[in-house]
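*Asks:* Questions regarding the structure given below will be posed in turn.
Read-outs throughout are calculated quantities, based only on the coordinates presented, and are distinct from any laboratory measurement. Here the structure is a predicted model, which means the values were calculated and not measured. Cβ coordinates were reconstructed from backbone atoms using ideal geometry, including for glycine residues, and neighbour counts include every protein chain displayed.
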Amino acid sequence: MIHCYKFDDKNIVLDVYSGSIHIVDDVAFKIIQMYEDSTREQIIDEVCPEFGVTEQDVDECLKDIEDLKAAGKLFAPDRYEGIAYDLKKRKWTLKALCLHVAHTCNLNCSYCFAAQGKFHGQRGLMSFETGKRAVDFLIENSGAHKNLDIDFFGGEPLMNWEVVKQIVEYARGIEKDAGKNIRFTLTTNGVNINDDVIDFCNKEMHNVVLSLDGRKEVNDHFRVDMKGNGSYDVIVPKFKKFVEKRGNKSYYMRGTYTHFNTDFVNDIKHMADLGFKELSMEPVVTSPDSPSFLTEEDMPVLMQQYEDLAHEMIKRNREGNGFTFYHYMLDLTCGPCIYKRISGCGAGTEYIAVTQWGDIYPCHQFVGDERMKLGDIYNGFTDHGKDVSYEFAQVNCYTREGCKDCWAKLYCSGGCAANAYHSGGSITDIYDYGCRLFRKRIECALAVRLSDLKDEDIYVSDSDA
Amino acid sequence: MSRIVTINTRDLEKSAKEGGCGECQTSCQSACKTSCGVANQACEKES
């Protein structure tokens, strides 16, 4: 399967099953698209008059295509059905926890999928004992995995800061003997950031995710305190100090865009202009009843926004003032293997969310949904939980009907199970709105990546070398 | 190959033989939390 598209003056051909990418001229672009369903004569009859090229030109191009096909870089067959089948039978072991240390929040963002941190349940803070047991549970069930990840999430995790520190200290004390390397992430709204938080996180947290929606008026539309006051003026100076002191350690400024700021590229640019360089902006996850819900009418606007973002990034990169955008990061040579590309996020199998009481759910987006509860950290998975986990293990981009003919399936691995569940009622569905945005993002991500090619980026075949 | 410039990319078919160690980060553990993308994840296989 191939995917051919144009971005500005570039014709881009993506070979799905080999992962190869080609930049081609107009003649090759046409011939590649005709190749599988046309004879040589049909190609010549159409291409020669359209582009003013000779039969010899066409034959040379066809020869190049044949060579690439023989090298497994174009029209590569799909040989991954077997892997997808094996993955369904694999005995999964845990490697990541989303630790809900605080089911409460000091902001009152009406679009919050976590219902202002309560996750449609009771407010509460995780005790150190529960956190400690969660770390033990992760290690006990992590099998041969060496790298383990724990994300302090909420609600707002800084509302339970002392317990966060205790959990980190506990985990650091046991990871070596357990043969594990634990990486921590903290996701915060920024309100409670202080010097202690900055120093501790910059020492211990592999990554921090800092929530800011962009421009002051956009951020303060939703991200307000309990009295309705906007948070921008409180959090931005703290984020600046945090990032400044972070040195070269990872962070993301992460925003959410909604129906009210479909011009979200202005918010990304605003964050970049504030000096933040690692940026992420996600479409809101909310119900169709919500006024912030992204509509079908918004879609063409969003598509254009992603193109505008690519252009902005290319421009700033050339000016030496670039920034990274989470969804446009593509490591073409050292990216994920085919197993990762098929199996995806690991929700319910490798990745679980643990609530303040120690209950286990497939991921943070299922917390509070009793049908999806897997068990608890004291007694493990219940029989029902094992069934639910089994269902998650069965889902990948080869089992979702909606992914069958999608060229982007090995970039998204079938999409977010929670989005599919909340939009269509089943984790085996796809969330079509999100799929369309995702495909656009990958096209733009590639365009950004291909805008600054160096000699070492170009493939040279053995015969050409 | 004047009309076609091929970019160096990881050979996915080859990765079927050598990959699958599972040491990479869970995608939701980084920045998204509300969508699923794996293309931007780094491979962490020890060579």
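*Asks:* Taking just the C-alpha trace of segment A:1-95, give me its Rg and Dmax in Å.
*Replies:* Radius of gyration, then largest Cα-Cα span, for segment A:1-95: 17.4, 59 Å.
*Asks:* Right, here's the next one. Over every pair of different alpha-carbon atoms in segment A:22-68, take the mean of 1/r and invert it; report that Kirkwood radius in Å.
*Replies:* On the way: mean 1/r = 0.0956 Å⁻¹.
About 10.5 Å, per the Kirkwood formula over Cα pairs.
*Asks:* What number, in percent, do you get for the relative contact order of chain A if the mean sequence gap of Cα pairs under 8 Å and at least 6 apart is divided by its residue count? Could you put the intermediate results ahead of the total?
*Replies:* On the way: 757 pairs, mean separation 63.9, N = 465.
Dividing the mean separation by the residue count of chain A yields 14 percent.
*Asks:* Okay, next question. Counting only other chains, what is the mean number of Cβ atoms within 10 angstrom of the Cβ of each residue in peptide A:324-336?
*Replies:* Details: counts 1, 2, 6, 6, 2, 7, 4, 7, 5, 6, 5, 11, 14.
Mean shielding by partner chains, rounded to a whole number: 6.
*Asks:* Now a separate question. What length, rounded to one decimal in nm, is gained on full extension from A:D225 through to A:K404, with 0.36 nm per residue of separation minus their alpha-carbon distance?
*Replies:* The A:D225-A:K404 span can extend by a further 60.0 nm.
*Asks:* Another one. Normalising by the residue count of segment A:290-399, find the relative contact order in percent from Cα pairs under 8 Å and 6+ residues apart. Write out the running numbers ahead of the final one.
*Replies:* Details: 86 pairs, mean separation 18.7, N = 110.
Rounded, it is 17 percent for segment A:290-399.
*Asks:* Another question about this same structure. Once all Cα-Cα distances of segment A:274-409 are split into 5 Å bins that start at 0, what whole-number percent is in each one?
*Replies:* Percent of Cα pairs in each bin: 2, 8, 12, 13, 14, 17, 16, 10, 5, 3, 1, 0.
*Asks:* Could you work out the mean count of beta carbons from other protein chains within 10 Å of each residue's beta carbon in A:456-462?
*Replies:* So the per-residue partner count for this stretch is 3.
*Asks:* So, in nm, how far is label A:E36 from label A:K216 when the simple model puts each one 7 Å beyond its Cα toward the Cβ?
*Replies:* The modelled label-to-label distance comes out at 5.4 nm.
*Asks:* Can you give the direction-averaged projected area of the convex hull of the alpha-carbon atoms in segment A:83-145, in nm²? Please report the intermediate quantities before stating the final value.
*Replies:* Details: hull surface 26.6 nm².
That works out to 6.6 nm², a quarter of the Cα hull's surface.
*Asks:* In what sequence, highest mean first, do A:360-373, A:246-259 appear when ranked by Cβ atoms within 10 angstrom? Spell out each step's value before the answer.
*Replies:* Working: A:360-373: 21.6, A:246-259: 19.3.
Descending packing order for the listed peptides: A:360-373, A:246-259.
*Asks:* Here's a follow-up. Tabulate in residue order the Karplus-calculated ³J(HN,Hα) for segment A:334-351, using 6.51 cos²θ - 1.76 cosθ + 1.60 with θ = phi - 60°, rounded to whole Hz; enter x for Gly and Pro.
*Replies:* Couplings: 10, x, x, 6, 5, 4, 5, 5, 8, 7, x, 6, x, 4, x, 10, 9, 10 Hz.
*Asks:* Give the Cα extents of segment A:293-352 along the principal axes, in whole Å, largest first.
*Replies:* Largest to smallest, the principal-axis extents are 41, 34, 19 Å.
*Asks:* Apply 1/(1 + (r/R0)^6) to the Cβ-Cβ distance of A:N181 and A:D86, taking R0 = 25 Å, and write down the FRET efficiency to the nearest 0.05. Mind showing how you got there, number by number?
*Replies:* On the way: r = 27 Å, r/R0 = 1.07.
Efficiency at R0 = 25 Å is approximately 0.40.
*Asks:* Kirkwood hydrodynamic radius for segment A:116-189: how many Å is it when counted over pairs of different Cα atoms?
*Replies:* Details: mean 1/r = 0.0767 Å⁻¹.
Value: 13.0 Å, from the Cα pair sum.
*Asks:* Continuing with the same structure: Debye sum, Cα scatterers, chain A, no solvent: what log₁₀ I/I(0) at q = 0.11 1/Å?
*Replies:* -0.97
*Asks:* Starting from the eigenvalues of the Cα gyration tensor, five times each then square-rooted, give me the equivalent ellipsoid semi-axes of segment A:80-220, largest first, whole Å.
*Replies:* On the way: eigenvalues 163, 84, 45 Å².
So the equivalent ellipsoid measures 29, 20, 15 Å along its semi-axes.
*Asks:* Given the Cα atoms of segment A:256-338, and with Rh set as the inverse mean 1/r over their pairs in the Kirkwood sense, what is Rg to Rh to two decimals? Don't skip to the answer; put the middle values down first.
*Replies:* Values: Rg = 14.5 Å, Rh = 14.1 Å.
On the Cα set of segment A:256-338, Rg over Rh gives 1.03.
*Asks:* Could you tell me what % of all Cα pairs in segment A:131-172 have separations over 11 Å? Display every interim value, and only then the final one.
*Replies:* Working: 583 of 861 pairs.
The answer is 68 percent, as a whole percent.
*Asks:* Kirkwood Rh, Cα Rg: Rg to Rh for segment A:194-250?
*Replies:* 1.03
*Asks:* If the reach is capped at under 12 angstrom between alpha carbons, list the aspartates and glutamates near A:K6, excluding any in the same chain fewer than eight residues apart.
*Replies:* Once the sequence-local aspartates and glutamates are set aside, what remains near A:K6 is A:D25, A:D26, A:E307, A:E443.
*Asks:* If you don't mind, there's one more thing I want to ask. Quick check on packing: order A:22-32, A:329-339, A:280-290, A:96-106 by the mean number of other C-beta atoms within 10 Å, highest mean leading. Each step should come with its number before you reach the end.
*Replies:* Working: A:22-32: 21.7, A:329-339: 19.5, A:280-290: 17.1, A:96-106: 25.5.
Listed from highest to lowest mean packing, they are A:96-106, A:22-32, A:329-339, A:280-290.
*Asks:* Set the Förster distance to 22 Å, then compute FRET efficiency between A:D452 and B:S2 from the Cβ-Cβ distance, nearest 0.05.
*Replies:* Values: r = 21 Å, r/R0 = 0.97.
The value I calculate is 0.55.
*Asks:* Turning to a different aspect of this structure: Take the residue pairs A:K10/A:K88; A:K91/A:K404; A:K180/A:K386; A:K146/B:K17; A:K91/B:K14; A:K132/A:K203 and return only those whose Cα atoms are more than 28 Å apart. Please list the in-between numbers first.
*Replies:* Working: A:K10/A:K88 39 Å; A:K91/A:K404 25 Å; A:K180/A:K386 25 Å; A:K146/B:K17 21 Å; A:K91/B:K14 23 Å; A:K132/A:K203 20 Å.
The answer is A:K10/A:K88.
*Asks:* Let me know the mean shielding of A:19-26 by other chains, meaning the per-residue number of their Cβ atoms within 10 Å of its Cβ. It would help to have the intermediate numbers written out before the result.
*Replies:* Numbers: counts 8, 7, 5, 7, 5, 5, 4, 1.
Mean partner shielding for this stretch: 5.
*Asks:* Show me A:182-188, A:36-42, A:154-160, A:144-150 ranked by packing, highest mean number of other Cβ atoms within 10 Å first.
*Replies:* Working: A:182-188: 23.3, A:36-42: 10.4, A:154-160: 25.7, A:144-150: 20.0.
Packing proxy ranking, top to bottom: A:154-160, A:182-188, A:144-150, A:36-42.
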